[in-house]
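What follows is a single structure, written as structure tokens, with notes after it.
The values are calculated or read from the model by the stated rules, or taken from the named source; none is laboratory data. Note that the coordinates shown come from a computational prediction; the quantities given were computed from them, not determined experimentally. Because the Cβ atoms are built from the backbone with ideal geometry, glycine has one as well, and the counts that use them run over all protein chains shown. Ligands, DNA and RNA are excluded from the accessible area calculation, which covers all protein heavy atoms including side chains. Shrake-Rupley method; radii C 1.70, N 1.55, O 1.52, S 1.80 Å.
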Amino acid sequence: METITDNQSSSLLDAVEHLEAGMMAVAFVPPKQRYTDVSQLAKKIASDAYENGIPQPALARLLKILTSRNNLDQGTLTSLVKNLYPQEIVASQNVTQVVCCLGPSKNKPSPATQVLLLRWLILSYDLLEERSHLGKLYAVLFNYLDMISLRKPLCHLLSLITRRKHVKPFRIQALMELIQVSGGDDKELISLLRIFKNYYPEIILGDFGGPRRNALFFKHPDPEWSSHAKGLQDKNAEKVQANQQSNFQVVYRGTVKRSRIEVVVPTLQTSRVSYKQTSIEELRDIGHFVEKIEKIELPNQIISTLGDAMAQKYLHLVQSEAAYHRLDEWLRSFLEDKLEMIREDEDDEPETLSYVLEYVVGYVSFTKDLPSSIRSFLQSYLQVWNGKDNGENVFRLLQYTQIAPFESLRSELLSPLEFAVLDGSLGSRTSLLGFYSALISQWGVSLRSKPATPEHSHPLSQMIVHVELLASSILEFPADEDQKPFKPAADSVLEFYKVLTDLFSHAPEDARFRLTIPYAQTVYTLAFIPNISVISSLESILAVYKGAFEASLSSQVLQAQGTPAYSTDLVGRFNGYVMDMCNLLWRNRALNTEDPNALGCLIPAQTVTALTTYVRDVNEAAKHYHRENAFHIALTSLFSLSHHAAFCNLSAACFADVEEDQDVTGDRPKLGKPVTHKALVALEKDGGAKMSWQEYRVHMLDWLEAIGSRGTGVLMRSTMKALRKE
């Protein structure tokens, strides 16, 4: 392997020497006087460079040719510069070579070649031996901005190396004059001026800053080139390491291949770190981080902190206003540029927006705060959003929206969001409800972490009422078989109310959390779904609400704060929900309205009469066709633990366990019908299992809790006085 590599390097050096070979070499001889085919020679050099990279000695000699005036045609020069893949790190003297060749002179390369060489410096920026060396040449580079042909790559390069020390009043004035001469349409100059402003926000740009749409987000010129160059360097480093035995541990950062999209967010790099300071890249672990926290230097490009957890922790702990401002300005510039492209249907790389938003989601999830640039972007993006692209990222960012007056939030964010997302499908509604659940949960966490401020309670209550209407509409929406990836409607609604129960559990001690109650339609629709997990969850939710109401009504804290009491009508309606659930499952008095607070599940009296008649007819028909096995069913007990469609099989299994515990075997009779008071008395008389009706129902609650269905037992024990001692 070593021999092959040496041969390849030797072959490349020979080709460069042939191209160079003194003042009378091929490169400096007019085309008609040459005996060598220059295009073939350049093709060989480019091919070898692409396959293996250019070693440092050959790179220096090749740059000597390219940075001087010669007789090579532009196509050959372009081919050579585009294949300047360094096999090792680029030495500072090579950087100086390139910078010194810039400018107008008969002894310097053509403007087109100078542009290519500047582009090569930008591509090789992460491969430089000392990135700070470019900073030493800042004044030289800046002075060439008046050359229109070099302006675009120069602005890009300057944007990479600009630091606070480089931002001087005379340079700001020079930039403004150049922008004024260009008529304010030079996007590169405007973007460089905005970078200056990031370091000194107090700079007043006025009309010189140009409209925001004229700003430019500098994109990587050729991500594939950088990726290939880093790959060649990795391969060369592996060969060197394999041939050298070293006791030193080497940590090489920034050489992992990154895709064309990934390079939008630069890797974390810090230059010019003094011996008394340290960089984030040098931190080994949390202990080292804590030890060095006061001596950490910020990275070159603050946006790179989005992809590093340690850097995010550092920014959050030090609360650097300058760093936050730089980060916010980068995001604002990038996102507004992308937004303008979307509006004009010119966004050829939509995946870059998704990539950056994923990083922002991670950052916002950590800080629990939505930067102003992101909120402004979302407010504009929702106006043109199709409701699908980046949907998860949009939802996850919006859930960290700060508490604000509900009407302003609704007009600026919520209404455009709903308009974009809701498309007539059940899935769009459940997705939206999931977002609102996360938003309300985050608001609750935010409120509990701050001192009591009564004005915040109003937006929260309004938000909950707004979302409860959406939850109720979801249950009325017909199920769509094509929406399999989405969560079932009942599960989405129940998860929303579980979020509210967590919120309302703090209501007795905090006046900002005013209890609301679900719509009756929501409660009763869920109550009649023949699914034990749905019913159990609903009863758990009602039990928490009930406890919160009872504690709030007697809370000394709320009374001391002068919080207005809950209205009798509100409490009465909620008690009606609880009474109806008890009547359905426990008291065998389903759908009645005679008990105090009972609402009869809001079933009209005519419907109850019709159902009663129907059940009676079914009983009569059963007696006629199955006289021996027929048993009587009453509408009032049709939804009890023994007869309910969701509980009947569990009831039978529970009683089978009772019979097994009592060793009911052989000729002893077993219960073959739903458990009722009458059936239990008859079974005991016939020599079967012995258990009273009350004992069975309490045992059934314990049995349900044992299998993980606790809701029924919790609600019944908190409501029925007879069960509180059980």
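Some notes on this structure:
- Qualifying residue in segment 552-563 (condition: open to solvent by 40 Å² or more (accessible area, probe 1.4 Å), outside the structural domain of Ala646 (by the TED database) and at pLDDT 90 or above): no
- Residue list for segment 500-513, restricted to those being open to solvent by 20 Å² or more (accessible area, probe 1.4 Å) and either touching a Pro at 6+ places or on another chain (Cβ under 9 Å) or among the aliphatic types (A, V, I, L, M) (or both): Ala511
Residues are listed down the side, and each one gets a yes or a no for (1) of a type in the set (S, T, N, Q); (2) closer than 26 Å to Ser642 by Cα:
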| site | (1), (2) |
| --- | --- |
| Leu526 | no, yes |
| Pro530 | no, yes |
| Leu558 | no, no |
| Ala565 | no, no |
| Leu570 | no, no |
| Met581 | no, yes |
| Asn588 | yes, yes |
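- Of the residues in segment 112-122, at least one is loosely packed, with under 14 Cβ neighbours inside 10 Å and either under 30 Å from Ala49 (Cα atoms) or in contact with a His (Cβ under 7 Å, 6 or more places away or on another chain) (or both).
- Filter result for Asn386 (free of Cβ contacts under 8 Å to residues at least 40 places away in the same chain and under 30 Å from Ala322 (Cα atoms)): no
- Residue match in segment 287-305 (condition: of a type outside the set (A, V, I, L, M), modelled with pLDDT of 70 or more, surrounded by fewer than 19 Cβ atoms within 10 Å (Cβ to Cβ) and outside the structural domain of Thr352 (by the TED database)): no
- Looking across Leu611, Leu683, one residue alone is touching a Pro at 6+ places or on another chain (Cβ under 7 Å), assigned to a helix (DSSP H, G or I) and surrounded by 12 or more Cβ atoms within 10 Å (Cβ to Cβ). It is Leu683.
- Qualifying residues in segment 389-448 (those that are crowded, with 21+ Cβ neighbours inside 10 Å and hydroxyl-bearing (Ser, Thr, Tyr)) - the one nearest to Val467 (Cα to Cα): Tyr436
- Test: residue in segment 714-723 that is open to solvent by 30 Å² or more (accessible area, probe 1.4 Å) and out of contact with any helix residue (DSSP H, G or I) (no Cβ under 7 Å at 6 or more places or on another chain): yes
- Tabulated pairs, segment 570-582, first touching a residue at least 40 places away in the same chain (Cβ under 8 Å) and not assigned by the TED database to the domain that holds Gly711, second charged (D, E, K, R) and in a helix (DSSP H, G or I), C-beta under 9 angstrom, 6+ apart or interchain: Phe574/Lys546; Val578/Lys546; Met581/Glu539
- Segment 644-674, residues that are assigned to a loop (DSSP other than H, G, I, E, B), open to solvent by less than 20 Å² (accessible area, probe 1.4 Å) and at pLDDT below 90: Val664
- All positions within segment 312-336 that are among the basic types (Lys, Arg) and more than 18 Å from the chain's Cα centre (by Cα): Arg326
- Matching residues, segment 686-726, being assigned to a helix (DSSP H, G or I), among the aliphatic types (A, V, I, L, M) and without any contact (Cβ under 8 Å) to a residue 40 or more places away in the chain: Val698, Leu701, Ala706, Ala722, Leu723
- Unmet criterion (only one of (1) within 29 Å of Val544 (Cβ to Cβ); (2) in contact (Cβ under 8 Å) with a residue 12 or more places away in the chain; (3) out of contact with any Cys (no Cβ under 6 Å at 6 or more places or on another chain); (4) of a type outside the set (A, V, I, L, M, F, W, C)) for Arg668: (1)
- Filter result for Leu339 (crowded, with 18+ Cβ neighbours inside 10 Å, part of a helix (DSSP H, G or I), within 18 Å of the chain's Cα centre (by Cα) and not hydroxyl-bearing (Ser, Thr, Tyr)): no
- Residues (on the phi > 0 side of the Ramachandran plot and among the aliphatic types (A, V, I, L, M)) located in segment 557-611: Leu591, Leu602
- Pairs where the first residue, in segment 228-241, is of a type in the set (Phe, Trp, Tyr) and the second is in a helix (DSSP H, G or I), C-beta under 8 Å, 6+ apart: none
- Taking the criterion of being assigned to a helix (DSSP H, G or I), open to solvent by less than 50 Å² (accessible area, probe 1.4 Å) and among the β-branched types (Val, Ile, Thr), the residues of segment 142-191 that qualify are Ile161, Ile172, Ile179, Ile190.
- For Glu539, the criteria (1) of a type outside the set (Phe, Trp, Tyr); (2) modelled with pLDDT under 95; (3) open to solvent by less than 10 Å² (accessible area, probe 1.4 Å) hold in every case but one, which is (2).
- If the condition is being more than 26 Å from Glu705 (Cα to Cα) and without any contact (Cβ under 8 Å) to a residue 60 or more places away in the chain, then segment 483-520 contributes Gln483, Lys484, Pro485, Ala507, Pro508, Glu509, Ala511, Arg514, Leu515, Thr516, Tyr519.
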